[in-house]
Each structure stands twice: as structure tokens, then as C-alpha cells.
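Each remark here refers to the structure printed beneath this line.
The values are calculated or read from the model by the stated rules, or taken from the named source; none is laboratory data. Everything numeric in this text was worked out from a predicted model, so none of it was measured. Here the Cβ positions follow ideal geometry from the backbone for every residue, glycine too, while neighbour counts run over all protein chains shown.
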Amino acid sequence: MKQPIQKYPIWIGLLVIITGLFFSFTSTRSSLNGKDSTSLSADSTSYLKQLLKYKASDHLLAVGYVVADGNDPEASTNLSNLPDSLDIVSLFVGYDPNPDHWRAAQKKGIKIVKTIAPNSAYFDHSVNDPITKTPGYVRPAGIDPNVAKSTSTYDHYAKNKYMEYVVQNRWDGLDVDIETGMFGAEVPAYNAAKFLSALAKYFGPNCTSCTINPNGKKPLFIYDTDVIFKGRNIGYDVLFEPSKSNYDYVYFQSYIGGNRAWRGSGTQDFPPIVKAYGSKFIALVNGDQYIYANGGQDSAPDGDAKTLASLLSYAQWMKDNNGGGAGAYRMSRDYNHKPVFKNIREAIQIMNPGTKSK
């Protein structure tokens, strides 16, 4: 498991609380009393330095998904509005198109990763592989461009995603959705291991065809799942265990309610997940149940309250058990609380109180 969180001077203990005061700023808004970290003005240098030192420290991670599907305010998916103390944001179903907003988040030490579904990928030399459109291309013998086989490889897709996300967009990695229903099309479940192995060449701690950034970090590779069964093609013992060193973290979709593969009811059911996935385990709640901007809820009347209670219990469990961290799917909907992103901020304060002095 993780080593115990180090203790820092009082400013580190107060950092998460201080961060809660600096929210909801766009990259074009003027600073508030000269203290807006997104403006990176001269008098915010000290704050930013402290923030980045916190991000580099041994602490429990706060993560969340931004879902830009048009069902929430545009401001909620603006990456420059994210809480300063968030560690990783996953882009799911569309994303903020403004690179200035990406850079504003990254300057605060927030890592940006893109979520992909295997069933949207393509195998090498398939009809969907861009290489087939290059002048003079000749498809190798024995490959059906429309049908994936057990011998199909996925190196072209992996490289193209790396070039798009890491090289072109300068994001920080990849998040792969590993659950029932996510395999099919050109990546059938029996090819899951080959697909993930191809991605591991370009993403994660063992990547060999990747660039190490100035901080000595390789692109993140996040294993995102709700699988707690053994056997079959995507059982954790079949798919995760043999190649677990390829992944930086495991986001476990421990959603309460809904039609999920995981049938646990709360933190009392976390031990088997830790046994399967180890200290890389980060638990996520279902942010779909957060309140809408108009006051409605998907799971009325108390879905929002239950989701908050679950997130805070996850955060406390992670702190008590030296876990990896906690967060929320559709964390972007937490923007509808007052102050914005109130729930994830409370979770961060639980996980990383630093010293007891406030």
C-alpha cells in the first residue's frame, strides 16, 4: 500500500482549504485581489509554487470526469474552472475545446487524460486504420479489413492515440474503460490483452515508445473498470494481474445504484477490490446523481445527498487505509453545488488534511 502521508508546514495543511477559496475562474477573468492562481500573475507565484509542491508530494489523489454531453452548464466543463487541488481530470464524451483552458489546468499541476472505449478502436490495417489511406499503401496478405481476428494487432491505433493526445494536444495520458459491453466491434473481448499491450507501448510506466516529460514522467495509463469477477476474457485475474505493472492507477467504478457489474454497497465491500487491484485502487462515485443546474436530480429526491455521502465515505476509507484516492464520474456536475465543486473539495480535505492545525 502507499506510504503514510508526510506532514508539511502549516501552509500545506491549509492548502486544500485555501484552494477552495480560488474557484470558478476562467482563463480570461481578472484575478481576485491578485490571488487567482489561473492568472499566474507575479503576486500569485508563491501560491502556485506551494500548490505544485503539494501535487508532487505523497498524497491521496482526487480525480474526476468531465462529461461534455450538453446536459450541464458549459462552465462546468471548462478545464480552467477545475478546483486547484484536483490531481487528474478524465475527458469523457466530448471535452473543452480551448487549449488555453487545458494549459491553465496543467499549470496548476492537474493531469489531463482522455477516456477511450475499446469498441471504438480499430485493428492494424482495418478499413478504419488511417494508414490504409496513405498513397501507395498495400494491405498485407491474409488480413480481412472488416473482421478482427485473434491474431489482430493494435499498434497503429495506440500510436495514433499517442500522437493525438500526448504529442499534438499535450495531454498527460489515457484512461481505458474496461467493463462488460466496452469490448466488441474491432476489439472483441478475446483481443483485450493484445489491445492493452499495444497501448502500454505508448502509455504508462513501462512505455517504450513514449516521451518522458521535463519532470521525468511518462504518459499516464489508467485502468478504469468495474470488474471484480474472475475468469472470462476480462476477469481481473486474466486481464489485469498479468500486466498490472503497465498501469499507473485503477479507477474502480464503485457506483452505488444503477445497473453495474459491481454489486457492493459501500466501503465495507472494498477489501476484495484492494486484494484484486492493490494500492493503485481509486474509488469513484456516480456523479450522474448530483443535482442539475435547474435543481432536478436523476435519482430524486435524495440521489445527490447519497452521492455526497458515498464520496466522503470513500475519501475517509482511503485515508484510513492508505488507499490511492477518490473521485467522481461526471464530477463536472458537482459544479452545480455552492460553492462550485463543493463535494470534491470536501473529499480532498478529508484525504489530505496535512497537519491538524487549521
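Among the residues of segment 329-345, the one identified as part of a helix (DSSP H, G or I) and free of Cβ contacts under 8 Å to residues at least 12 places away in the same chain is Lys342.
Filtered by the rule that a residue be closer than 23 Å to Ile350 by Cα, touching a residue at least 60 places away in the same chain (Cβ under 8 Å) and part of a loop (DSSP other than H, G, I, E, B), segment 54-80 gives His59, Leu60. Scanning segment 178-234 for residues that are surrounded by fewer than 19 Cβ atoms within 10 Å (Cβ to Cβ) and aromatic (Phe, Trp, Tyr) yields Tyr190, Phe229. For segment 94-106, taking the residues that are in contact with a strand residue (DSSP E or B) (Cβ under 8 Å, 6 or more places away or on another chain), of a type outside the set (D, E, K, R) and in a loop (DSSP other than H, G, I, E, B), the one that is modelled with the lowest pLDDT is identified as Gly94. Among the residues making up segment 264-304, those that are closer than 28 Å to Ser76 by Cα, small (Gly, Ala, Ser) and buried (at least 20 other Cβ atoms within 10 Å of the Cβ) are Ala283, Gly287. Among the residues of this structure, Tyr314 does not count as one that is crowded, with 18+ Cβ neighbours inside 10 Å and within 15 Å of Leu196 (Cβ to Cβ).
Results for (1) under 26 Å from Gly235 (Cα atoms); (2) in contact with a Cys (Cβ under 8 Å, 6 or more places away or on another chain); (3) assigned to a loop (DSSP other than H, G, I, E, B), shown as yes or no for each residue.
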site: Arg263; (1), (2), (3): yes, no, yes
site: Gly278; (1), (2), (3): yes, no, no
site: Gly295; (1), (2), (3): no, no, yes
site: Pro301; (1), (2), (3): no, no, yes
site: Leu308; (1), (2), (3): no, no, no
site: Ala347; (1), (2), (3): no, no, no
site: Pro353; (1), (2), (3): no, no, yes
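For beta carbons closer than 6 Å, sequence separation of 6+ or different chains, a first residue in segment 223-241 that is over 16 Å from Pro188 (Cβ atoms) and a second that is among the small types (Gly, Ala, Ser) and surrounded by fewer than 19 Cβ atoms within 10 Å (Cβ to Cβ), the qualifying pairs are Asp226/Ala261; Phe229/Gly235. Every condition in (1) among the aliphatic types (A, V, I, L, M); (2) assigned to a loop (DSSP other than H, G, I, E, B); (3) under 18 Å from Leu86 (Cβ atoms) holds for Ile291 except the one numbered (3). With respect to Ala326, determine if the residue is outside any loop (DSSP other than H, G, I, E, B), modelled with pLDDT of 95 or more and of a type in the set (A, V, I, L, M, F, W, C). So Ala326 passes the test. For beta carbons closer than 6 Å, sequence separation of 6+ or different chains, a first residue in segment 173-189 that is on the phi > 0 side of the Ramachandran plot and a second that is in a strand (DSSP E or B) and not small (Gly, Ala, Ser), the qualifying pairs are Gly173/Val113; Gly173/Leu220.
For the residues Leu52, Leu60, Leu91, the requirement of being in contact with a Gly (Cβ under 6 Å, 6 or more places away or on another chain), modelled with pLDDT of 95 or more and either under 27 Å from Gln316 (Cα atoms) or surrounded by fewer than 17 Cβ atoms within 10 Å (Cβ to Cβ) (or both) singles out Leu60.
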